[in-house]
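Just so it is clear, none of the values below were taken in a lab; they were calculated from the coordinates. Computed from a predicted model, the values in this text were never measured in an experiment. Backbone-built Cβ (ideal geometry, glycine too); neighbour counts: all protein chains shown.
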Amino acid sequence: MVTEDQVREALKQIEDPEVGLNIVDLGLVYDIEVEGDSVHVRMTLTSPGCPVGPQLLNGSRMVVQELEGVEHVEVQLVWEPFWTPDRINPEYRAILGF
């Protein structure tokens, strides 16, 4: 069975091209639930009008689906809590100037 940590590592492959940081360290992934062969990811975008939103969501679904033992993937886009730069990994927040 796949673990939450394995899913999180897979999601690090997905980079926001506008910021140049993966979606996990950017703080876009809010929650990961693994139940048997099903994975549910709750994530957001930096803004509702994010032009690469569909790319990030589809990419997230694809990399999780490729994990061994995963049969079902749901990536849910949520807006609460609203994303802020405070969600960025502190190590990268300083580099980005936040």
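Suppose every K and R has +1 on its Cβ and every D and E has -1 on its Cβ; what is the size of the dipole of the chain about the Cα centre, in Debye to the nearest 20? Working shown, then result.
Details: 6 positive and 18 negative charges, 83 e Å.
That gives a dipole near 400 debye.
Only Cα pairs under 8 Å and 6+ residues apart enter the sum, and on that basis the relative contact order of the chain stands at 31 percent. Values of log10 I(q)/I(0) for region 30-72 across q = 0.32 Å⁻¹ run -1.15, by the Debye formula with one identical scatterer at each alpha carbon and no solvent. With 0.36 nm allotted per residue and the present C-alpha distance subtracted, the VAL52-ASP5 stretch has 14.4 nm of extension available. Computed from Cα atoms, the angle from the helix 53-65 axis to the main principal axis of the chain rounds to 30 degrees. For the chain, the calculated P(r) over all alpha carbon pairs, in 10 Å bins from 0 to the bin holding the longest distance, is 16, 51, 28, 5, 0 percent.
Work out how much length GLU15 to ILE95 would gain on full extension: take 0.36 nm times their residue separation and subtract the Cα-Cα distance, in nm to one decimal. Separation in residues times 0.36 nm, less the Cα-Cα distance, equals 27.2 nm.
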